[in-house]
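Chemist: Structure provided below as structure tokens; questions to follow.
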Amino acid sequence: MLPSTEQLLAIARHYWPASMSAALEEANPEFVRRSSRWREALQFIPQWHGFLADLDTLLPGFTLGDGTVPSQSALRCIAYPAKGIPLPPVPWVVVGCMSILAPVFTVYGISFEYEGRKRSEARMHLSPLPDAMSGTARLIARELEARFGVQELPREVAALPAPVTVQWTEPPQTTLFDALFDSEPTNIP
């Protein structure tokens, strides 16, 4: 069952400080709780890596990456629609995020522009995704839900303002997406 909006906001407040000044305090209580939650989540890394391996088989022709960053609040998988070393420039990727703070996930796309082989711009896409990304996104969503028992966070709930500071994002710009998943969603390898 999807947590209510009030429950999700309470979770955000429990794990992220209300202001930048509180965030900058050494060992603030929210940071301590989030660090503890990460230690618990890291126990499930073998299952996460198994999930990535299974996705790799389900998405032939794709390169799968683990984009998890402990400064954020989610385990992230990235599906690049190409193979090769070095990986050629790709026009888009699909990212699946599973929150470590609440039993929710999201899947989104990122399209890229290039100057030569160097990325010059990244643009995030939420549902509905462009046609090229939608099948991959549906597959990742289905597998996250089936494997981990998490539910997709509706776009309109993810976009709600959250009264917390996540990294360098402060209220009123902070959203539940920032708090539960990632405040820099286009920052991927």
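Only the coordinates and a few stated rules stand behind these numbers; no lab work does. Small disclaimer: the values here were computed from a predicted structure and weren't measured. Note that we place each Cβ from the backbone using ideal geometry, even for glycine, and neighbour counts take in every protein chain shown.
Chemist: Take the Cβ-Cβ distance between Gln7 and Glu115 as r, set R0 to 45 Å, and report the resulting FRET efficiency rounded to the nearest 0.05.
Modeler: Efficiency at R0 = 45 Å is approximately 0.55.
Chemist: Let me ask something else. In deg cm²/dmol and to the nearest 500, what is the mean residue ellipticity at 222 nm of the chain if only DSSP H runs of at least 4 residues count, each as -39500 (n - 2.57), divided by the residue total?
Modeler: -11000 deg cm²/dmol
Chemist: Hey, if you put +1 on the Cβ of every Lys and Arg and -1 on every Asp and Glu Cβ in the chain, which of Leu24, Thr5, Met124 ends up farthest toward the positive end of that dipole?
Modeler: Met124
Chemist: Something else now. Rounded, prolate or oblate: pick one for region 1-92, where a ≥ b ≥ c are the square roots of the eigenvalues of its C-alpha gyration tensor, a/c under 1.5 means rounded, and failing that, prolate if a/b is larger than b/c, else oblate.
Modeler: prolate
Chemist: How much length is gained on full extension from Trp38 to Phe148, taking 0.36 nm per residue of separation minus their Cα-Cα distance?
Modeler: 37.9 nm
Chemist: What is the log10 of I(q)/I(0) for the chain, computed with the Debye formula using one identical point scatterer on each Cα and no solvent, at q = 0.09, 0.16, 0.19 Å⁻¹?
Modeler: These q points yield log10 I(q)/I(0) values of -0.33, -1.02, -1.34.
Chemist: Looking at the square roots a ≥ b ≥ c of the eigenvalues of the Cα gyration tensor of region 125-189, which shape do they give, rounded for a/c under 1.5, prolate if a/b is larger than b/c, or oblate?
Modeler: prolate
Chemist: Just to check I understand the Karplus step: with θ = phi - 60° and J = 6.51 cos²θ - 1.76 cosθ + 1.60, what whole-Hz values come out for region 22-28, glycine and proline as x?
Modeler: Calculated HN-Hα couplings, in order: 5, 5, 7, 5, 5, 6, 4 Hz.
Chemist: Report the relative contact order of the chain, percent, no decimals, based on alpha-carbon pairs under 8 angstrom and at least 6 residues apart.
Modeler: Contact order relative to length: 22 percent.
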